[in-house]
Amino acid sequence: MCREVVARVPDARLTPLEAGTVEAAAGALGGVQIVIAAGAAGVELLAGQAWQAGQDLRVAIDLNAVPPLGIGGLKVTDKAVSYGHVTCYGAIGVGGLKMKIHKAAISKLFERNDQVLDAEEIYAIGRELAGV
């Protein structure tokens, strides 16, 4: 996954991480500003104690809506909720924009019957909806 992102965003600096203990995860967060948890349903990928100890962390996004959530201490409905110095998003919190993108993409398909929307076109729809 990291290689795919870097292929599209050459300046991106991504590091996949495996940490077997809370201490290892907390230590690995040094210098990390954004964490996105997108793992198997019902598996906590990052304990609350680990990410809350990260002094550099600014944004935590959990894409898992099945308990236990992927990031301990977050709520599935969190949308730009601050826990200390970290702004957090749960799966439903980011799901609103996802659903807006989905609706806009489906609407676009009804404009012409020969359209196929690829990931780049859908990303462009998302950027437009987000005002970016």
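The values are calculated or read from the model by the stated rules, or taken from the named source; none is laboratory data. Computed from a predicted structure; not experimentally measured. Virtual Cβ from ideal backbone geometry, glycine too; neighbours counted across all protein chains shown. Protein only, heavy atoms only, side chains kept; ligands, DNA and RNA dropped before computing areas. Shrake-Rupley method; radii C 1.70, N 1.55, O 1.52, S 1.80 Å.
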- Please indicate, with yes or no, whether at least one residue in region 110-122 is without any contact (Cβ under 8 Å) to a residue 60 or more places away in the chain and touching a Leu at 6+ places or on another chain (Cβ under 6 Å). yes
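Return the total of residues in region 3-59 being charged (D, E, K, R) and more than 22 Å from Tyr89 (Cα to Cα). Show your work before the answer.
Here is the first cut: in region 3-59, the ones charged (D, E, K, R) are 3-4, 8, 11, 13, 18, 23, 44, 56, 58.
From the residues that got through so far, the ones that are more than 22 Å from Tyr89 (Cα to Cα) too are 3-4, 8, 11, 23.
Summing the residues that are charged (D, E, K, R) and more than 22 Å from Tyr89 (Cα to Cα) in region 3-59 gives 5.
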- Within region 1-30, can you find the residues that are open to solvent by less than 50 Å² (accessible area, probe 1.4 Å), in contact (Cβ under 8 Å) with a residue 12 or more places away in the chain and in contact with a helix residue (DSSP H, G or I) (Cβ under 9 Å, 6 or more places away or on another chain)? Ala19, Ala25, Ala26, Leu29
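Quick check on Glu111: is it in a loop (DSSP other than H, G, I, E, B) and farther than 21 Å from Ala25 by Cα? So that I can check it myself, show each step before the final result.
Details: in a loop (DSSP other than H, G, I, E, B): yes; farther than 21 Å from Ala25 by Cα: yes.
It is true that Glu111 is in a loop (DSSP other than H, G, I, E, B) and farther than 21 Å from Ala25 by Cα.
I'm checking my understanding of the structure. Among residues of region 31-47 that are among the small types (Gly, Ala, Ser) and closer than 16 Å to Val59 by Cβ, which one is most open to solvent (accessible area, probe 1.4 Å)?
Going through region 31-47, the residues among the small types (Gly, Ala, Ser) turn out to be 31, 37-42, 47.
Among the residues that remain, those that are also closer than 16 Å to Val59 by Cβ are: 31, 37-38.
On the way: Gly31: 57, Ala37: 7, Ala38: 77 Å².
Checking each candidate, the answer is Ala38.
For region 88-119, give me the residue count where each residue is more than 28 Å from Gly73 (Cβ to Cβ) and either surrounded by 15 or more Cβ atoms within 10 Å (Cβ to Cβ) or of a type outside the set (D, E, K, R) (or both). Reasoning before the result, please.
Initial filter on region 88-119 (more than 28 Å from Gly73 (Cβ to Cβ)): 102-119.
From what is left, the residues that are either surrounded by 15 or more Cβ atoms within 10 Å (Cβ to Cβ) or of a type outside the set (D, E, K, R) (or both) are 102, 104-107, 109-110, 113, 115-117, 119.
Selection size over region 88-119: 12.
Just give me the residues in region 120-132 being part of a helix (DSSP H, G or I) and open to solvent by 90 Å² or more (accessible area, probe 1.4 Å), in sequence order.
Kept after step one, since they are part of a helix (DSSP H, G or I), are these residues of region 120-132: 120-130.
Within region 120-132, Glu120, Tyr123, Arg127, Glu128 meet the criteria.
Quick test for you: out of Ala28, Ala24, Ala104, Ala38, pick the one residue that is more than 16 Å from the chain's Cα centre (by Cα) and within 21 Å of Tyr123 (Cβ to Cβ). Give the derivation first.
Details: Ala28 fails: within 21 Å of Tyr123 (Cβ to Cβ); Ala24 fails: within 21 Å of Tyr123 (Cβ to Cβ); Ala38 fails: more than 16 Å from the chain's Cα centre (by Cα).
Just a single option satisfies the conditions, and that option is Ala104.
Would a scan of region 73-87 turn up a residue that is among the polar types (S, T, N, Q), open to solvent by less than 60 Å² (accessible area, probe 1.4 Å) and out of contact with any helix residue (DSSP H, G or I) (no Cβ under 9 Å at 6 or more places or on another chain)?
Start the filter on region 73-87 by keeping residues that are among the polar types (S, T, N, Q), which leaves 77, 82, 87.
After this cut, where a residue has to be open to solvent by less than 60 Å² (accessible area, probe 1.4 Å) as well, the list is 87.
Narrowing further to those that are out of contact with any helix residue (DSSP H, G or I) (no Cβ under 9 Å at 6 or more places or on another chain): 87.
Yes, the conditions are met somewhere in region 73-87.
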